[in-house]
Amino acid sequence: MLRYLYSDQLHLHPRLARAMFRDRADQFRTRLGWKVEVDRHGEERDAYDALNPLYVIWEEPDGGHGGSMRFLPTTGPVMVNDIFGHLVPGPLCSPLIWECTRFCLRRGAGAHVAAALMLGGGEVMQGFGVKHLVGVFDARMVRIYRMIGSSPEVLGSEGDGRSRISVGLWDFTTEAQAQVAARAGVTPEQSRFWFDQAMGSGTGWARAKTA
C-alpha cells in the first residue's frame with residue numbers, strides 16, 4: 001500500500017522509517033556511489049529531511065519498505081535550486097511546483113513499486129493542486145520512467161553515459177494516471193482511498209503542514 005507521511009510522523013512507523021533510510025543508503029552510496037552521509041545506524045539522511053518533507057512510501061504486505069520518495073514545495077529550500085541551479089534557466093519558486101527527490105527502490109523491488117510511487121506522486125499533485133513536479137535523476141532512471149509511462153520534460157543535463165544527471169519536469173494527465181495505475185496493479189479508486197485516508201477528505205490539514 002501507499003503511505004503518505006510527513007517527517008514528524010515517521011516515529012509512528014519506526015520499522016518502516018528505518019528501512020527507508022537504510023535502503024536509501026544502500027541505493028545511493030553502495031550501489032550508485034554517491035557521496036551521501038550515512039550515520040552509524042546505516043541510515044542516509046540529508047538537510048532536506050530536517051525540513052519536515054512529505055514522504056510517499058510503498059509499504060510491502062509484511063510491513064517492509066518497498067520504495068519511497070520525498071516531496072518539498074519549491075517555495076522553500078530545495079535541491080534543484082540549491083545544488084543543481086546551473087541546470088535550469090532560473091530558480092524554480094512556485095506553490096504550483098514541488099520537488100520530488102530521493103526516489104528509492106529496495107533491492108529486488110518489483111516493477112510495480114516504481115509505478116506505484118509515481119501514482120502516489122500524481123495523488124500529491126491532485127490533492128495539493130500542484131501543476132508540476134521537478135526532480136533530479138540519473139541515467140538509469142530514464143528507462144524506468146519510460147517503462148512505467150511517466151517520462152519528464154528534461155530542463156537541463158550534465159555529464160555523459162551512466163554519469164549523466166538531468167533535471168526533469170513532470171505534469172499530470174488522466175491518461176498518464178491510468179497507464180501508471182495499470183503498471184502498478186492499483187486501481188485509481190484504491191490509490192485515491194490511500195491518499196484520502198492519510199490526508200483526510202480534504203487537503204486543508206496537509207496544506208497547513210507544508211506552508
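The values are calculated or read from the model by the stated rules, or taken from the named source; none is laboratory data. Since the structure is predicted, the reported quantities are computational estimates derived from the model, not experimental observations. Methodologically, a virtual Cβ is constructed for each residue, glycine included, from the backbone with ideal geometry; neighbour enumeration extends over all protein chains shown. Accessible surface areas use protein heavy atoms only, side chains included; no ligands, DNA or RNA. Shrake-Rupley method; radii C 1.70, N 1.55, O 1.52, S 1.80 Å.
For the subset of segment 131-147 comprising residues that are part of a helix (DSSP H, G or I) and crowded, with 16+ Cβ neighbours inside 10 Å, which member is modelled with the highest pLDDT? For segment 131-147, the residue satisfying everything is V142.
Among residues of segment 1-18 that are in contact (Cβ under 8 Å) with a residue 12 or more places away in the chain, those with a Cβ under 7 angstrom from a residue that is loosely packed, with under 15 Cβ neighbours inside 10 Å and small (G, A, S), sequence gap 6+ or separate chain, pair up as R15/G63; L16/G63.
Would you mention how many residues in segment 1-36 are closer than 30 Å to F193 by Cα and open to solvent by 80 Å² or more (accessible area, probe 1.4 Å)? Counting residues in segment 1-36 that are closer than 30 Å to F193 by Cα and open to solvent by 80 Å² or more (accessible area, probe 1.4 Å) gives 5. Quick one: would you say D39 is without any contact (Cβ under 8 Å) to a residue 40 or more places away in the chain and either touching a helix residue (DSSP H, G or I) at 6+ places or on another chain (Cβ under 9 Å) or closer than 21 Å to Q197 by Cβ (or both)? So D39 passes the test.
Exactly one residue among E44, E99 is acidic (D, E), closer than 21 Å to V154 by Cβ and surrounded by 19 or more Cβ atoms within 10 Å (Cβ to Cβ), and that residue is E99. If you go through segment 167-183 one residue at a time, do you hit one that is acidic (D, E) and in contact (Cβ under 8 Å) with a residue 24 or more places away in the chain? Yes: segment 167-183 contains one or more residues that are acidic (D, E) and in contact (Cβ under 8 Å) with a residue 24 or more places away in the chain. Can you say whether D62 is outside any strand (DSSP E or B), open to solvent by less than 20 Å² (accessible area, probe 1.4 Å) and among the charged types (D, E, K, R), as far as the supplied structure shows? Here the answer is no, as D62 does not meet what is asked.
When segment 40-83 is filtered for residues that are within 13 Å of the chain's Cα centre (by Cα) and of a type in the set (K, R), only R70 remains.
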